[in-house]
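The values are calculated or read from the model by the stated rules, or taken from the named source; none is laboratory data. Fair warning: this is a prediction, and the values are worked out from it, not measured in the lab. Glycine also receives a Cβ, built like all others from the backbone with ideal geometry; neighbour counts cover every protein chain displayed.
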Amino acid sequence: MGRTGNASVSSSKPNVVNIGALYTFNFVIGQSAKPGIEAAVDDVNSDSTVLAGMKLNLILHDMNCSGFLGTVEGNL
């Protein structure tokens, strides 16, 4: 663990990289985007050279056609 100024800097890599997607899954865009995103995550995770031993983790949230839910869930 190194220090830069007042901040601590860790030299170890995380085991998981989280990414998120906010969609309304009952509509065309959500229905077509979800399988594509899931397939891309599977491709990345199946090739150990892409993230060098880390796993890509997909977090999906259904906005249910609500701009409010999309804003709130995006900030979690």
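Taking every residue in the range 37-60 that is assigned to a loop (DSSP other than H, G, I, E, B) and pairing it with any residue that is among the polar types (S, T, N, Q) and exposed (fewer than 15 other Cβ atoms within 10 Å of the Cβ), at least 6 positions away or on another chain, the pairs with Cβ-Cβ distances below 9 Å are G53/N15; M54/N15.
Of the residues making up the range 1-33, those that are of a type outside the set (V, I, T), more than 17 Å from the chain's Cα centre (by Cα) and at pLDDT 75 or above number 5.
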